[in-house]
1. Which value, in Å² rounded to 10, gives the accessible area of Phe26 with a 1.4 Å probe and all protein chains present?
2. Quick one: of Lys105/Lys129; Lys36/Lys74; Lys8/Lys31; Lys31/Lys68; Lys104/Lys129; Lys13/Lys85, which pairs are farther than 21 Å apart, Cα to Cα?
3. Among Gln64, Tyr95, Ile82, whose Cα sits farthest toward the positive end of the charge dipole of the stretch 1-124 (+1 at Cβ of Lys/Arg, -1 at Cβ of Asp/Glu, about the Cα centre)?
4. Once fully extended, how much extra length lies between Leu88 and Ala114, figured as 0.36 nm per residue of separation less the alpha-carbon to alpha-carbon distance?
5. Can you put Lys118, Lys31, Lys13 in order of accessible area, largest first, using a 1.4 Å probe?
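The values are calculated or read from the model by the stated rules, or taken from the named source; none is laboratory data. Quick caveat, the model's predicted, so the values are computed rather than measured. Using ideal geometry, Cβ is built from the backbone for each residue, glycine included, and neighbour counts are taken over all protein chains shown. Just the protein is used for accessible areas: all its heavy atoms, side chains included, with ligands, DNA and RNA removed. Shrake-Rupley method; radii C 1.70, N 1.55, O 1.52, S 1.80 Å.
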Amino acid sequence: MSLKEYLKDGNSKKKVDITTLETQLFNAVQKAGIAKENLTINNLSSWNYTTTKKKDPDFLASKQYRLKVSDLNKFNLILEGIDAKGILSTNIDGYDHSKLEILKKELKVKALLAAKEKATYMVEALGDKLGSVLDIQDLGDNNGGMMVPQYRNYAMKAEMAMDASQAPEIDFKKDKIELHG
């Protein structure tokens with residue numbers, strides 16, 4: 001959230017000070033039941049509102065705040081407690097979910113089961129059975145939570161090893177499964 005000082009009317013030198021706006025913000029945060037530790041200053045700036053004055057230029061200040069809320073409905077209450085002319089902008093910097101790690105685990109299990117099902121019907125289409133898992137690579141959350149299970153068909157390999165006159169051994173294409181969430 002960014003707050004800015006402003007002039008009360010276009011020609012007046014009276015301005016609404018940043019401390020007034022900051023006090024309104026602080027009071028609105030407390031009224032919404034949000035801990036004061038969840039409100040921090042993110043940035044501070046100022047600008048000269050007129051370039052024609054060379055002596056004693058007046059500056060208008062602005063401050064950017066970071067507010068952590070667990071209920072977006074409280075955000076509306078906070079905005080209502082601040083002079084609207086003093087609000088320069090608001091945006092969502094990030095979001096999180098309280099059960100994110102549990103959801104990630106559930107999605108990874110579902111993805112693995114789906115990969116196994118797909119590998120099973122592909123192998124069964126060739127009249128064989130799926131072997132056990134040799135390797136599962138979890139490339140981590142920075143790569144979209146991608147996991148690559150690699151199944152091998154031992155029965156087919158053993159059969160082919162006995163009869164060297166048949167076609168050469170060719171593994172199945174390795175599927176990549178991406179989790180987004």
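1. 80
2. On the way: Lys105/Lys129 28 Å; Lys36/Lys74 14 Å; Lys8/Lys31 26 Å; Lys31/Lys68 15 Å; Lys104/Lys129 30 Å; Lys13/Lys85 16 Å.
Lys105/Lys129; Lys8/Lys31; Lys104/Lys129, as the Cα separations exceed 21 Å there.
3. It is Gln64.
4. Working: separation 26, 0.36 × 26 = 9.36 nm, distance 4.81 nm.
The Leu88-Ala114 span can extend by a further 4.6 nm.
5. Details: Lys118 85, Lys31 185, Lys13 125 Å².
So the residues, ranked largest to smallest area, are Lys31, Lys13, Lys118.
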